[in-house]
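S.K.: Could you have a look at this structure, given as structure tokens, before my questions?
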């Protein structure tokens with residue numbers, strides 16, 4: 001109902017409906033559904049003049065609630081929407097950081113559709129607002145699947161970054177050890193796949 005009110009241009013009614021939905025979720029529904037309700041209210045308030053600080057607070061609550069559950073797709077979507085809300089509020093550096101967090105998460109779960117959306121937003125943000133042409137080119141190359149052999153395909157940072165250990169998978173693709181560790185910590189090792197070739201990996205060795 002709230003989405004219909006937004007489409008009709010009645011943001012006050014949409015806010016009322018989303019507030020009611022949130023109250024219901026807090027009383028009788030699951031943590032996941034509470035997170036959805038907080039996120040919906042955040043998106044609604046973000047479209048209202050002078051309500052963006054409240055919008056960001058609701059997004060933060062939504063992300064925290066979803067992180068208590070076990071739905072990685074919902075978390076990725078929320079973080080990406082939070083980043084967009086930060087952009088709308090002029091907090092561009094914070095938005096870039098949140099988009100990058102969402103990018104790492106979406107690569108863990110292998111959702112290419114969401115990954116493309118996030119990469120597009122990052123490329124546009126770096127090129128048009130932050131004036132980071134090299135980063136923008138990097139993200140546009142990733143959109144085409146053209147990963148540099150000198151970069152970690154998870155975080156897109158240089159592999160030879162000082163002080164960062166590297167890991168070579170059985171498929172011979174190389175990543176930062178911390179990036180691969182994040183994938184292993186989020187799912188069963190037997191189900192983990194290389195983000196580039198999608199081959200399963202069961203053991204790996206640190207690069208010299």
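S.K.: May I ask you to verify whether residue 92 is buried (at least 20 other Cβ atoms within 10 Å of the Cβ) and touching a helix residue (DSSP H, G or I) at 6+ places or on another chain (Cβ under 7 Å)? I'd like the intermediate steps shown before the answer.
M.R.: Working: buried (at least 20 other Cβ atoms within 10 Å of the Cβ): no; touching a helix residue (DSSP H, G or I) at 6+ places or on another chain (Cβ under 7 Å): yes.
Here the answer is no, as residue 92 does not meet what is asked.
S.K.: Still on this structure, please answer the following. Output the residues belonging to segment 32-65 that are farther than 19 Å from residue 7 by Cβ and either modelled with pLDDT under 85 or part of a loop (DSSP other than H, G, I, E, B) (or both).
M.R.: Listed by number, the residues that qualify are 32, 50.
S.K.: A follow-up question, please. Within segment 34-52, track down each residue that is in contact with a helix residue (DSSP H, G or I) (Cβ under 9 Å, 6 or more places away or on another chain) and surrounded by fewer than 17 Cβ atoms within 10 Å (Cβ to Cβ). Spell out the reasoning first.
M.R.: Here is the first cut: in segment 34-52, the ones in contact with a helix residue (DSSP H, G or I) (Cβ under 9 Å, 6 or more places away or on another chain) are 34-48, 51-52.
If the condition is that a residue be in contact with a helix residue (DSSP H, G or I) (Cβ under 9 Å, 6 or more places away or on another chain) and surrounded by fewer than 17 Cβ atoms within 10 Å (Cβ to Cβ), then 47, 48, 51 are the ones that fit.
Every residue, every condition in (1) touching a residue at least 40 places away in the same chain (Cβ under 8 Å); (2) over 20 Å from residue 126 (Cα atoms), yes or no:
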{"residue": "17", "(1), (2)": "no, yes"}
{"residue": "36", "(1), (2)": "no, yes"}
{"residue": "57", "(1), (2)": "no, yes"}
{"residue": "65", "(1), (2)": "no, yes"}
{"residue": "70", "(1), (2)": "no, yes"}
{"residue": "81", "(1), (2)": "yes, no"}
{"residue": "97", "(1), (2)": "no, no"}
{"residue": "104", "(1), (2)": "yes, no"}
{"residue": "111", "(1), (2)": "no, yes"}
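The values are calculated or read from the model by the stated rules, or taken from the named source; none is laboratory data. These figures come from a predicted structure and were not determined experimentally. Quick reminder, even Gly has a Cβ in these numbers, built from the backbone with ideal geometry, and neighbours come from all protein chains shown.
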